[in-house]
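The values are calculated or read from the model by the stated rules, or taken from the named source; none is laboratory data. On a predicted model such as this, the values are computed, not experimentally measured, just so you know. Here the Cβ positions follow ideal geometry from the backbone for every residue, glycine too, while neighbour counts run over all protein chains shown. Protein only, heavy atoms only, side chains kept; ligands, DNA and RNA dropped before computing areas. Shrake-Rupley method; radii C 1.70, N 1.55, O 1.52, S 1.80 Å.
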Protein chains: 2
Amino acid sequence: MRTEHEAWASQLRKGVLELAVLGLLAGEPKYGSQLVDDLATHPELSISAGTVYPLLARLAKAGLVTSVWQESPVGPPRKYYTLTEPGRRTLNAMTQAFRAVSATVTTILEGQR
Amino acid sequence: MRTEHEAWASQLRKGVLELAVLGLLAGEPKYGSQLVDDLATHPELSISAGTVYPLLARLAKAGLVTSVWQESPVGPPRKYYTLTEPGRRTLNAMTQAFRAVSATVTTILEGQR
DNA sequence: CCCGATAGCTTGCATTGCAAGGTAGCTGGC
DNA sequence: GCCAGCTACCTTGCAATGCAAGCTATCGGG
């Protein structure tokens, strides 16, 4: 519990990042740095490169995403990640689970007010 | 990623358990087993004793809760945990953070539909 | 006196966010 | 040519924490 609730925020991200990344990939294929940039626009979920790449590797290993190398017009090649069919199913399941948890927490917080 | 999304659910709990426990204690002092039972009524957040006691110990160490031993009419003594003033403030901060994250995730998920 | 239920706690493990650092391709200025 | 700076990918080591499993201790009933 290093710095009160900045540390806690990181724990909160932990449970949600995988869902957020799958959600972003559901729209269109993206590459690692692009995900970092996209998430940076949502301060609550912003993460560093050192978090994204291991996460993408885990998703790929689990078969939820596949990747394709593609040349960049302006820099080093990029590895685009696409949702697979199992990935899409998992995203749906996670979405439901998230909504359920979110609703439950809201209930607990309101019930004790 | 042991069993697909059962394992994920545990990661999702990770970020939210502390908030849920503080939320439950905001109503009235409770003891460990009682928290386990309370949370068991919310399947999404149900946890085991081996999770609650370390968590309570961390909260106590951080000064967010205090505990008092109290005799039980029917069994071994119970350790009742009460929210401290800093605990209450932390609960409020966490509640806001949770709402922000929840809203952001919802936005991401809807944006890609 | 033992047995089940209740209550608290500990140990060891696996997962995972993150800071820091490392490699390599591309571009523009010199 | 060559170097500085940017982009992009990846790895290493660490810390936090949920969880199964197991231990101790109290109480009451048979």
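Among the numbered criteria (1) away from chain A (no Cβ under 11 Å); (2) within 20 Å of A:Glu110 (Cβ to Cβ); (3) away from DNA strand D (no atom under 14 Å from the Cβ), which single criterion is violated by B:Ser67?
Looking at each condition in turn, B:Ser67 falls short on (2).
Go through the range B:18-37 and give me each residue that's free of Cβ contacts under 8 Å to residues at least 40 places away in the same chain and at the interface with chain A (Cβ under 9 Å from one of its Cβ atoms).
If the condition is that a residue be free of Cβ contacts under 8 Å to residues at least 40 places away in the same chain and at the interface with chain A (Cβ under 9 Å from one of its Cβ atoms), then B:Ala20, B:Leu24, B:Gly27, B:Glu28 are the ones that fit.
Does any residue of the range A:52-70 turn out to be among the β-branched types (Val, Ile, Thr), modelled with pLDDT under 95 and within 11 Å of DNA strand C (Cβ to nearest atom)?
No: zero hits.
Identify, from the list A:Thr95, A:Thr82, the residue that is in contact (Cβ under 8 Å) with a residue 40 or more places away in the chain and within 13 Å of DNA strand D (Cβ to nearest atom).
Result of the check over A:Thr95, A:Thr82: A:Thr82.
Name the residues in the range B:44-60 that are facing another protein chain (nearest Cβ under 8 Å) and either more than 8 Å from DNA strand D (Cβ to nearest atom) or closer than 21 Å to A:Ala97 by Cα (or both), would you?
B:Glu44, B:Leu45
Please give the number of the condition B:Asn92 fails out of (1) more than 12 Å from DNA strand C (Cβ to nearest atom); (2) open to solvent by less than 50 Å² (accessible area, probe 1.4 Å); (3) not hydrophobic (A, V, I, L, M, F, W, C).
B:Asn92 satisfies every listed condition except (2).
Could you tell me whether B:Ala7 is more than 9 Å from chain A (Cβ to nearest Cβ), modelled with pLDDT of 95 or more and either under 27 Å from A:Met94 (Cβ atoms) or near DNA strand C (Cβ under 8 Å from one of its atoms) (or both)?
Here the answer is no, as B:Ala7 does not meet what is asked.
Only residues that are of a type in the set (A, V, I, L, M, F, W, C) and near DNA strand D (Cβ under 9 Å from one of its atoms): list them for the range A:20-40, please.
A:Leu35, A:Val36
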